[in-house]
Amino acid sequence: MDTKTSVSQQTQNTVDQNKIQQFMNKAVGDIAGSSTVMLVIIGHRLGLYRAMAQANSPISVKQLADKTGTVERLVKEWLANQVASGYIEYDPRSRKYTLPPEHALALDDENSPIYLQGIFKAIKSYFKDEEEFLKMFRGERTLSWMDHNPLMAEGFAEFFKSSYVGNLINSWIPAVDNGNILEKLKKGAKVADVGCGFGITTLMMAKAYPKSTFTGFDFDKESIEKAKESAKKENINNVRFEVSSASEFPGSSYDFVTFFDCLHDMGDPEGALTHTRNVIKKDDVDSSGKGTCMIVEPFAQNELENNVNPVASTFYAASTLICVPNSLAFNGPALGAQAGENRIRDVAVKSGFSHFKRILETPLNIIYEAKP
């Protein structure tokens, strides 16, 4: 008797066939999505989405190929995938294709609050780092933020930017400290943006509040150089960038200190908030004079069983490959991208903040404020 065959037959006789079907449907969906990632990247890089977004009417395969200088037969197959995936609409009567304007916001408009191309770029970086991930899991090496393929940092900067464009100035800042921070920023405040990366949030705030001064800090020299280039290109004069760790950034009496999607992957998040507590402005007479720290973190419930959804799945993947490894590389607590409110609160309280609360949430983020 073939033991393997016997075991397989026994397993098939005891498993729940409905669960098999449900799982296979889920797995096939993941396979389809994974397979489509490269075609989305190709559509962006070749300008296929852009050409369709700019078309005033449905477009044929030949018209799209001609507009983009691409091979018609390959474009036809690309379009078929996009139709099957629900990205592009197809009219069988005219045999023409349409990119709905709502989809174009996500696939082509870099300034859209729902732009998604960054996350596809970041996913592409995962596969380029495959061998290093294996070494990391085996304990043969550590993998900090700076050790990844450059597409990772670029991709996540673009991905998070869309959420910041849609929320930072319009809703997050006005909600901090019951609107007191907004008033300070309008009149002239001193701001530190810690873990600023490419400086996207720092520059957004600097442009919105020209009477205030902003300094972006990050431990990655290449990110700071890119931030400086962006500030120079946009001719923004009330901002500067410095290479510094989150627990040692210079300055004092800050009115406002921000952490955007970075505290959870730091090697010493408690040290970063303790230092923030020490350098933030304090006013024991009037609580409105105290400085405020805003912490923006990926959306997460406190327990795994409550984080079973596509957004959490995406963040857990990034956390496994990027966030937790970066913290471990510096002997940190590895909070992870799905740390949840309780763990972030615990770090803030241990760092000496007497006030901590959740003030807003979006499908992708939770926004907290902390005060001395």
Flag for SER125 being under 23 Å from TYR316 (Cβ atoms), part of a helix (DSSP H, G or I) and either among the hydrophobic types (A, V, I, L, M, F, W, C) or at pLDDT 95 or above (or both): yes
Any hit, the stretch 216-228, residues being surrounded by 18 or more Cβ atoms within 10 Å (Cβ to Cβ) and within 16 Å of the chain's Cα centre (by Cα): yes
Hey, VAL239 of a type outside the set (Gly, Ala, Ser) and without any contact (Cβ under 8 Å) to a residue 40 or more places away in the chain or not: no
Residue in the stretch 123-159 that is surrounded by the fewest Cβ atoms within 10 Å (Cβ to Cβ), counting only those that are of a type in the set (Lys, Arg) and without any contact (Cβ under 8 Å) to a residue 60 or more places away in the chain: ARG138
Some residue of the stretch 195-210 being among the charged types (D, E, K, R) and not in a helix (DSSP H, G or I): no
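Every residue, every condition in (1) among the hydrophobic types (A, V, I, L, M, F, W, C); (2) crowded, with 20+ Cβ neighbours inside 10 Å, yes or no:
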site	(1), (2)
PRO333	no, no
ARG343	no, no
LEU360	yes, no
LEU364	yes, no
ILE367	yes, yes
Sole residue being among the acidic types (Asp, Glu) and part of a strand (DSSP E or B), chosen from GLU248, GLU225, GLU297: GLU297
Inter-residue pairs, beta-carbon under 7 Å, first among the charged types (D, E, K, R) and in the stretch 249-263, second assigned to a strand (DSSP E or B), 6+ apart: ASP255/LYS190; ASP255/VAL191; ASP261/VAL296; ASP261/GLU297; ASP261/PRO298
Residue match in the stretch 311-323 (condition: in contact with a Gly (Cβ under 8 Å, 6 or more places away or on another chain), aliphatic (A, V, I, L, M) and either surrounded by fewer than 19 Cβ atoms within 10 Å (Cβ to Cβ) or part of a loop (DSSP other than H, G, I, E, B) (or both)): no
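Based on what the data block shows, is LEU273 surrounded by 24 or more Cβ atoms within 10 Å (Cβ to Cβ), of a type in the set (A, V, I, L, M) and in contact with a Gly (Cβ under 9 Å, 6 or more places away or on another chain)? Give the derivation first.
Details: surrounded by 24 or more Cβ atoms within 10 Å (Cβ to Cβ): yes; of a type in the set (A, V, I, L, M): yes; in contact with a Gly (Cβ under 9 Å, 6 or more places away or on another chain): yes.
Here the answer is yes, as LEU273 does meet what is asked.
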Candidate set: the stretch 160-203, residues that are buried (at least 22 other Cβ atoms within 10 Å of the Cβ) and of a type in the set (Ser, Thr, Tyr); chosen: the one farthest from LYS232 (Cα to Cα): SER162
Single residue of PHE137, PHE198 found to be more than 30 Å from GLY291 (Cα to Cα) and at pLDDT 95 or above: PHE137
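Would you confirm whether or not the stretch 86-99 contains a residue that is free of Cβ contacts under 8 Å to residues at least 40 places away in the same chain, closer than 30 Å to VAL324 by Cα and surrounded by fewer than 16 Cβ atoms within 10 Å (Cβ to Cβ)? Talk me through it step by step, then tell me what you get.
Kept after step one, since they are free of Cβ contacts under 8 Å to residues at least 40 places away in the same chain, are these residues of the stretch 86-99: 86, 88-96.
Adding the requirement that they be closer than 30 Å to VAL324 by Cα leaves none.
The answer is no; no qualifying residue exists.
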Test set (1) under 24 Å from ASP220 (Cα atoms); (2) at pLDDT 95 or above - PRO101 fails condition number: (1)
Some residue of the stretch 86-107 being β-branched (Val, Ile, Thr) and part of a loop (DSSP other than H, G, I, E, B): yes
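I'd like the residue in the stretch 250-286 that is among the hydrophobic types (A, V, I, L, M, F, W, C) and touching a Lys or Arg at 6+ places or on another chain (Cβ under 9 Å) and, out of all such residues, is farthest from ARG240 (Cα to Cα). Working first, answer last.
Looking only at the stretch 250-286, we keep the residues that are among the hydrophobic types (A, V, I, L, M, F, W, C), and these are 256-257, 259-260, 262-263, 266, 272-273, 279-280, 285.
Those left that are additionally touching a Lys or Arg at 6+ places or on another chain (Cβ under 9 Å): 256, 273, 280.
Working: PHE256: 15, LEU273: 21, ILE280: 18 Å.
The qualifying residue farthest from ARG240 (Cα to Cα) is LEU273.
The values are calculated or read from the model by the stated rules, or taken from the named source; none is laboratory data. These numbers were taken from a predicted model, which means no experiment stands behind them. Every residue, glycine among them, receives a Cβ derived from its backbone with ideal geometry; neighbour counts consider all protein chains shown.
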